[in-house]
Amino acid sequence: MTDLNKPKAKLEALLDIINSSARQAIAEYENTGHGVPSADATTFHPLDSATDTVALKKAIRLLEGAYHQLSAILAPPQHTVMNSVLNYNWACIDVALRARIADVLDKHPEGLSIDRLAEAVNLDKSKTARVLRALSLMGCFKEVERDVFSNTRLSLILKSTNNTGCFAGLHSRDVAKCAAALYESMSDEEFSRSNEIDKAPRVLAFRKEGMIGDYWEMINNDEFHRGMLGLNELMGGSAVLHHYPWDNISSVVDIGCGIGTFSTPLAKMFPHLRITDQDLPEVLLEAQNVWKKNAPEALLDGRVEFVPLNFLEDAPVVGKDVYYLRNIIHNWQDRDAMTILRNIRKAMGPNSRVLIHDCVLLRTVREPEFGTDGLSTAPEPMLPNFGAGTHRSYQMDMTMWLVHNSKERTLDEMKILGASVGLVLIQVYDLVETMLMEFGISQS
Ligand SMILES: C[S@@+](CC[C@H](N)C(=O)[O-])C[C@H]1O[C@@H](n2cnc3c(N)ncnc32)[C@H](O)[C@@H]1O
């Protein structure tokens, strides 16, 4: 057996992981019957919009984790540290999004000269070219010939119609400002030790702009709901439609449903289900409009009802089979998360289930004695939590902190939350970037 304590053996093992995971990813693309994506692709691959990408994401988690670890070992340390700081891609993406550069290039698949592009978006041409060249290092936009740029499969994400692009814009424009206030929020006397939502770094950052107010009142708009669609596309949340046994249940409550990002496709895939959408009253009005457009048949058949709810104050509708919460618990500090779960617990029948669907932070050290609760652990010599392979989960944890003073949790933290209101974890569905945690009423 290879001795992974030897530095060279570690490098070889990482290379093997890179090789096998890349081959697995290639196989996943080929299984679609559409071949692998090309480096010059200017359209999406069908797998880019598939609702179940769990197998591809598993391979990519290994690939991203192993190659970042390998490169951090072999590169001079100055490189790796400064690569994180000398990274203005977010600002360049912000420019591309706001100027709608990808929309303009979309009309010119063969490429557009920087003169005409800059004129179309009303920006300086040499500055615009510098932004595009910086992004083209990662394959986002391409200089097809000198001073002529075109879209790529990656820059299509930045079109104004793309939901992930919308989510990117919320970060590059708003969350970036909150991040700039992180140290101040950690050292400020009033903010540093508080877990309250009104002491989030966002509050400090936006106070400077004269904006004070309840986050949920500030954001109830089309951009936020599209951003939520983008978040779910990014994290592969729709895999839940394929991996939970929906055939075996008959009623589902989507708590904090937003505009029904989860429940409309659920109604389409499983027409036998009775669905209740619950959210704040003004959000439910928007949700009904979206249902009318996207799933009118479910409305006509009376398979869906809309019941306003403030989940911090009241219990949801009673006695349903499943109470589903996606991207909800991570928005709230422990006290409020417990209140939400306690209110749901009041509504549950003896066999009801609560499904919490969020990112879960994996263990950072190997602790075989504690078991894994069904969660994956990376093979050695990778970090047990896949290192950079779980980059987005750890950055989402930061987003939750910056915006809500809340957090992504470990499975142990989720179990403690559940236990505090009489719920016990029954099963975990590992959807790679998100986890579905099924809780039932504790018998003890
Ligand atoms: C992050 S979004 C998640 C939306 C949806 N579950 C999804 O995954 O796309 C959080 C949702 O919680 C809702 N919400 C916030 N505070 C609430 C409250 N006190 N009672 C009920 N819903 C609330 C918001 O309106 C928003 O739709």
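The values are calculated or read from the model by the stated rules, or taken from the named source; none is laboratory data. Everything quoted here is computed from the prediction, not taken from an experiment. Counting neighbours? That spans all protein chains shown, and the Cβs are built from the backbone with ideal geometry, glycine included. Note: accessible area is taken over every heavy atom of the protein model, side chains too, but ligands, DNA and RNA are not part of it. Shrake-Rupley method; radii C 1.70, N 1.55, O 1.52, S 1.80 Å.
General observations
- Computed over the chain, the Cα gyration tensor eigenvalues convert (square root of 5λ each) into semi-axes of 35, 28, 24 Å, ordered from largest to smallest.
- For E145, solvent-accessible area (1.4 Å; no DNA, RNA or ligand), Å²: 120
- Computed over region 8-61, the alpha-carbon pair-distance distribution with 10 angstrom bins reads 22, 47, 22, 9, 0, each value a whole percent.
- Shown here for region 176-266: GluC sites (Glu not before Pro) in loop regions (DSSP other than H, G, I, E, B) with at most 11 other Cβ atoms within 10 Å, namely E189, E190, E209.
- Under 5 Å from the amide H of E305 lie the amide H atoms of I275, T276, D277, each residue being 5 or more positions distant or on a separate chain, with H modelled from the backbone and absent for Pro and chain starts.
- Highest GNM mean-square fluctuation among V203, V81, V354, for the chain modelled with Cα contacts below 10 Å: V81.
- Distance cut-off 24 Å, percentage of C-alpha pairs in region 149-278 lying past it: 48
- Taking all C-alpha pairs of region 142-209, those more than 15 Å from each other amount to 64 percent.
- Charge dipole magnitude, Cβ of K and R +1, D and E -1 - the chain, Cα centre, debye nearest 20: 540
- The Rg/Rh ratio for region 71-213 is 1.08, where Rg is the radius of gyration of the alpha carbons and Rh is the Kirkwood radius.
- Cα-based shape type of region 88-158, given that a ≥ b ≥ c are square roots of the gyration tensor eigenvalues and the cut on a/c is 1.5: rounded
- Shape category assigned to region 13-155 from the gyration tensor of Cα positions, a/c cut at 1.5: oblate
- Ranking H225, A315, Y244 by how far each Cα lies toward the positive end of the dipole of region 217-321 (charges on Cβ) leaves Y244 at the top.
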